[in-house]
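Everything below concerns the one structure shown next.
The values are calculated or read from the model by the stated rules, or taken from the named source; none is laboratory data. Keep in mind it's a predicted model, so treat the numbers as computed, not measured. All Cβ positions, glycine included, derive from the backbone under ideal geometry; neighbour counts span all protein chains shown.
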């Protein structure tokens, strides 16, 4: 039986039935001793008439540091909006490669005339040994007779990437875990699942976690509710409120144990206007009920009185746990120009309670910054130019479904190089932090009902596929990464390398190396989108680092 065997970089997405894939020849895999290095191998049997069980084996001196995962396709209905640019793999619905599924044993099923794609990762919790190392992936039948083999040389460069400076958050949604796994919020089973998903996030460069002190008022239908995921236990008394913060302390403890560096508070007012209070649940004379929500005026005396007790109590716990200085507070998500005065009003009434705190919000309108209403803006990257011209510092960026033209994003139908190229403008403009709204959003639009992320990758037709989540809920409460999650982490490693070169030379020198390799000046909307350019940039940065180190 003839077996076709191909090596692919991590930046290529091979469709299951691609007849003549255009792949980079003999990919070079290299990086520093504390990097995660990934590539792909693919096998196809054109003559096969029925599926066949095959066995996969890895041989390498670094075998203990190698992980194999199968690249699986997922259904994509909404690949791109109708007026999206041409920089997509396709605008058409179909089955796209995205899911990196764990391999429970070494036996897999080879389908007729269908690519079997494996994602190979080399990483260590310590440091990989310097040098050039062979890695061989072998395909055999159940009798251990050889079918195909692919060898890859991996070069581990001498040196250690510096720690990540970028403050990076992808919003963590506890309700998605509860609904998918049928768990009660903050039951012992749920706490274990939360820990596993936090661990997976941190491992891929997400160093900031949204903490649901109260149920985050995000992507919720007006007048509707998301599943309650409120850490703070509240009792309404005759003269105010009593707060039990034991679950907040437990959340913080888990986050610190798993390596989280920044703690993000849920928004204090509703999304897209800041007109109402978030859902707040409290014990009232022995009965649990909602005391604030869509029917609450954001500026009303009752909610203001509540915040006057709630915020100081929450800040006290953050202070006692040693994380207040690394905490981020939000007023309202994505206010538009029509909401400026309302946003100003609610922020002014809240500001006395948040003295010396980091307060920031995602927005697109420059007027919020120009008028001083938001001093640390988190700006959609397709609207960031006026903020750059004004010298906004600190400045954050974000993207969601609205950033689908010209700029980078994590949609399934985008080439991986387009996702990874975000590192260059983040470096060029010294962006302090980056936000994306969907680490694990497993709901429909406005959270009207939960969805199965293996069946619908677009929040049931709401946003381009891949926008709502970066990880899939695997068996036993363990997340499965997506290709996009793995590639975004490669961007984080690229950024760390660029910043390392900057520290050894200068920002101007490092930027020149990046843009010379790119063959063009880079902005958030202008950059090469092909895998070859992306790898050329990183290799150029590596060479300059080694020259500066005299290695």
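Here are the numbers:
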quantity: Check on residue 470, at pLDDT 95 or above, under 30 Å from residue 192 (Cα atoms) and crowded, with 22+ Cβ neighbours inside 10 Å; calculated: yes
quantity: Condition broken by residue 146, with the remaining ones in (1) surrounded by 14 or more Cβ atoms within 10 Å (Cβ to Cβ); (2) more than 30 Å from residue 442 (Cα to Cα); (3) without any contact (Cβ under 8 Å) to a residue 40 or more places away in the chain satisfied; calculated: (1)
quantity: Residue within segment 311-324 that is in the same structural domain as residue 240 (by TED's automatic domain parsing) and buried (at least 21 other Cβ atoms within 10 Å of the Cβ) present; calculated: yes
quantity: Selection count, segment 113-131, where residues are out of contact with any helix residue (DSSP H, G or I) (no Cβ under 9 Å at 6 or more places or on another chain), modelled with pLDDT of 95 or more and closer than 30 Å to residue 49 by Cβ; calculated: 6
quantity: Enumerated strands (runs of 3 or more DSSP E) restricted to segment 220-284, each holding at least 1 residues that are in contact with a strand residue (DSSP E or B) (Cβ under 9 Å, 6 or more places away or on another chain) and surrounded by fewer than 16 Cβ atoms within 10 Å (Cβ to Cβ); calculated: 233-237, 240-244, 280-284
quantity: Any helices (runs of 4 or more DSSP H) falling wholly within segment 379-460 and containing at least 1 residues that are surrounded by fewer than 23 Cβ atoms within 10 Å (Cβ to Cβ) and without any contact (Cβ under 8 Å) to a residue 12 or more places away in the chain; calculated: 385-389
quantity: Residue 294 vs. criteria in contact with a strand residue (DSSP E or B) (Cβ under 6 Å, 6 or more places away or on another chain), touching a residue at least 40 places away in the same chain (Cβ under 8 Å) and part of a loop (DSSP other than H, G, I, E, B); calculated: yes
quantity: Odd one out for residue 328, checked against (1) assigned to a loop (DSSP other than H, G, I, E, B); (2) in contact with a strand residue (DSSP E or B) (Cβ under 6 Å, 6 or more places away or on another chain); (3) buried (at least 21 other Cβ atoms within 10 Å of the Cβ); calculated: (1)
quantity: Single unsatisfied condition, residue 17 versus (1) at pLDDT below 90; (2) closer than 26 Å to residue 418 by Cβ; (3) surrounded by fewer than 16 Cβ atoms within 10 Å (Cβ to Cβ); calculated: (1)
quantity: Condition check for residue 466: in contact (Cβ under 8 Å) with a residue 12 or more places away in the chain, over 19 Å from the mean Cα position of the chain (by Cα) and at positive phi; calculated: no
quantity: Enumeration of residues in segment 28-61 that are over 14 Å from residue 116 (Cβ atoms) and surrounded by 20 or more Cβ atoms within 10 Å (Cβ to Cβ); calculated: 29, 31, 32, 35, 36, 37, 38, 39
quantity: Qualifying residue in segment 204-218 (condition: surrounded by fewer than 16 Cβ atoms within 10 Å (Cβ to Cβ) and in contact with a helix residue (DSSP H, G or I) (Cβ under 6 Å, 6 or more places away or on another chain)); calculated: no
quantity: Subset of segment 64-86 (residues that are without any contact (Cβ under 8 Å) to a residue 60 or more places away in the chain and more than 26 Å from residue 415 (Cα to Cα)); calculated: 64
